[in-house]
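*Asks:* The structure follows.
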Amino acid sequence: MSSSLTVRVPAKVNVQLAVGGRRADGFHGLATVFFAVGLYDHVTASAADALTITVEGPDAAVVPTDDSNLAARAARLLAARYGVEPRAHLHISKDIPVAGGMAGGSADGAAALVACDALWGLGASREELFELAGELGSDVPFSLHGGVALGEGRGERLTRVETSGSFHWVFAVADGGLSTPAVYGECDRLRELAGGADEFSVPAPAADPKLLAALAEGDAAALGAALSNDLQPAALSLRPSLADTLRAGQDAGAIGALVSGSGPTCAFLAKDAREAASVADSLAASGTCRNVRTAAGPVPGAVLL
């Protein structure tokens, strides 16, 4: 066992998010294509007498350091599974935008699983870690997986997606967050107005063959044309200003644009790194977002450094 170790874990963008109708249990079936990008959080686990969390980074002030933090929940879940005391200090260095639809909290949960497993010398199998990740939340397993994957069920059942080459992204970070439950609720409300929101009124979610082909062929233009997010109308309804952000990125030359996950971060695909830098400069000057980041992918999931 080591006294201190660090796990790096990436952000994600949903290049497709197909949302089925509301089920009797209140959940929605998903078919979502996760794409891991090179914006990272780092979680360092150190030996301690009790479970504690500290956070640093641009949005550290709004990240909880109690048991509501997914990293803390992950550590406690792993400890309970193996019958050990959750003795660790977890330090989170955040670079993934907070509450931005890029799975920053889920990433920290995944990183904490890997870090605490190594710190405590548990030797959990990859299958066990994925099972625990699925108990923590729908996006947590992908943070372990990385690369590109099709998520089904609630998003936790993953199938690797073939890709070629690298894709270049620009992310426009909005002020404040959007509540994921609120976005799903608004999606249901809008669907009710259009004729029905239950699973019998909405087509079953499925991966888009054109999008999968674009990823396999490394065709950025085709991927940009195929980007889709069934939650985007709801996010725009709750935060109409996001339409200005999307328009600014498209006007700047992005070949694809969408709200990332439940928002409010907007993601833009560029044809290459040079174009991504140009789109980022234009977005930064547009006054339609708080911050702009560029990243390429796909990249691996949570990895012990």
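The values are calculated or read from the model by the stated rules, or taken from the named source; none is laboratory data. As the structure is a computational prediction, the values presented were derived from the model and not from experiment. We place every Cβ from the backbone using ideal geometry, glycine too, and count neighbours over all the protein chains shown.
*Asks:* Just give me the residues in the range 49-102 being over 19 Å from D117 (Cα atoms) and part of a helix (DSSP H, G or I), in sequence order.
*Replies:* Matches in the range 49-102: A60, A61, V62.
*Asks:* Residues of the range 4-17 being small (G, A, S) and crowded, with 23+ Cβ neighbours inside 10 Å, which ones?
*Replies:* Scanning the range 4-17 gives a single hit, A11.
*Asks:* What are the residues in the range 229-267 that are outside any loop (DSSP other than H, G, I, E, B), in contact with a helix residue (DSSP H, G or I) (Cβ under 6 Å, 6 or more places away or on another chain), more than 22 Å from L30 (Cα to Cα) and in contact (Cβ under 8 Å) with a residue 24 or more places away in the chain, if any?
*Replies:* L242, A248, G249, listed by residue number.
*Asks:* Let me ask something else. I'm told V55 meets every condition in (1) over 29 Å from G153 (Cα atoms); (2) out of contact with any helix residue (DSSP H, G or I) (no Cβ under 7 Å at 6 or more places or on another chain); (3) modelled with pLDDT under 95 except one. Can you identify the failing condition by its number?
*Replies:* It fails just one condition, (3).
*Asks:* What is the one condition in (1) touching a strand residue (DSSP E or B) at 6+ places or on another chain (Cβ under 7 Å); (2) within 13 Å of A270 (Cα to Cα) that D230 does not satisfy?
*Replies:* (2)
*Asks:* Another question about this same structure. Taking the conditions exactly as written (under 21 Å from the mean Cα position of the chain (by Cα), not assigned by TED's automatic domain parsing to the domain that holds C289 and not polar (S, T, N, Q)), does A103 satisfy them or not?
*Replies:* For A103, the condition - under 21 Å from the mean Cα position of the chain (by Cα), not assigned by TED's automatic domain parsing to the domain that holds C289 and not polar (S, T, N, Q) - is met.
*Asks:* Counting only residues that are touching a residue at least 12 places away in the same chain (Cβ under 8 Å) and over 19 Å from G101 (Cβ atoms), how many does the range 282-295 have?
*Replies:* So the answer is 2.
*Asks:* While we're looking at this one, here's another question. Looking at (1) touching a Lys or Arg at 6+ places or on another chain (Cβ under 6 Å); (2) over 30 Å from A221 (Cα atoms), find the lone condition where L193 falls short.
*Replies:* Going through the list (1) touching a Lys or Arg at 6+ places or on another chain (Cβ under 6 Å); (2) over 30 Å from A221 (Cα atoms), L193 breaks only (1).
*Asks:* Okay, next question. Exactly one condition in (1) buried (at least 23 other Cβ atoms within 10 Å of the Cβ); (2) part of a strand (DSSP E or B) is false for V292; which is it?
*Replies:* Every listed condition holds for V292 apart from (1).
*Asks:* OK, next. Which of the residues belonging to the range 94-114 are aliphatic (A, V, I, L, M) and surrounded by 24 or more Cβ atoms within 10 Å (Cβ to Cβ)?
*Replies:* I96, M102, A103, A107, A110, A111, A112, L113, V114
*Asks:* Looking at A80, A118, A72, A124, can you tell me which residue is on the phi < 0 side of the Ramachandran plot, aliphatic (A, V, I, L, M), at pLDDT 95 or above and crowded, with 22+ Cβ neighbours inside 10 Å?
*Replies:* Values: A80 fails: crowded, with 22+ Cβ neighbours inside 10 Å; A118 fails: crowded, with 22+ Cβ neighbours inside 10 Å; A124 fails: crowded, with 22+ Cβ neighbours inside 10 Å.
Every option except A72 fails the conditions.
*Asks:* So, one more: With (1) part of a loop (DSSP other than H, G, I, E, B); (2) surrounded by 20 or more Cβ atoms within 10 Å (Cβ to Cβ) as the list, and E186 as the residue in question, which single condition is left unmet?
*Replies:* Going through (1) part of a loop (DSSP other than H, G, I, E, B); (2) surrounded by 20 or more Cβ atoms within 10 Å (Cβ to Cβ) one by one, E186 breaks only (1).
*Asks:* Return the total of residues in the range 25-46 being at pLDDT 95 or above and over 17 Å from the mean Cα position of the chain (by Cα).
*Replies:* 3
*Asks:* Only one residue in A172, A220, A214, A197 is under 30 Å from L283 (Cβ atoms), buried (at least 17 other Cβ atoms within 10 Å of the Cβ), in the same structural domain as A252 (by TED's automatic domain parsing) and touching a residue at least 60 places away in the same chain (Cβ under 8 Å), so which one is that?
*Replies:* Going through A172, A220, A214, A197 in turn, just one is under 30 Å from L283 (Cβ atoms), buried (at least 17 other Cβ atoms within 10 Å of the Cβ), in the same structural domain as A252 (by TED's automatic domain parsing) and touching a residue at least 60 places away in the same chain (Cβ under 8 Å): A172.
*Asks:* Then there is this: Mind listing whichever residues of the range 18-34 are more than 16 Å from V140 (Cβ to Cβ) and either in contact with a helix residue (DSSP H, G or I) (Cβ under 8 Å, 6 or more places away or on another chain) or surrounded by 21 or more Cβ atoms within 10 Å (Cβ to Cβ) (or both)?
*Replies:* Answer for the range 18-34, where residues must be more than 16 Å from V140 (Cβ to Cβ) and either in contact with a helix residue (DSSP H, G or I) (Cβ under 8 Å, 6 or more places away or on another chain) or surrounded by 21 or more Cβ atoms within 10 Å (Cβ to Cβ) (or both): A18, V19, G21, R22, H28, V33.
*Asks:* Something else about it: Could you please find all residues in the range 120-171 being assigned to a strand (DSSP E or B) and aliphatic (A, V, I, L, M)?
*Replies:* Passing the criteria: V148, A149, L150, L158, V170.
For every residue, the table says whether it meets (1) touching a helix residue (DSSP H, G or I) at 6+ places or on another chain (Cβ under 6 Å); (2) small (G, A, S); (3) not assigned by TED's automatic domain parsing to the domain that holds A45.
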position: I92; (1), (2), (3): yes, no, no
position: E127; (1), (2), (3): no, no, no
position: G137; (1), (2), (3): yes, yes, no
position: L144; (1), (2), (3): yes, no, no
position: Y184; (1), (2), (3): no, no, yes
position: P203; (1), (2), (3): no, no, yes
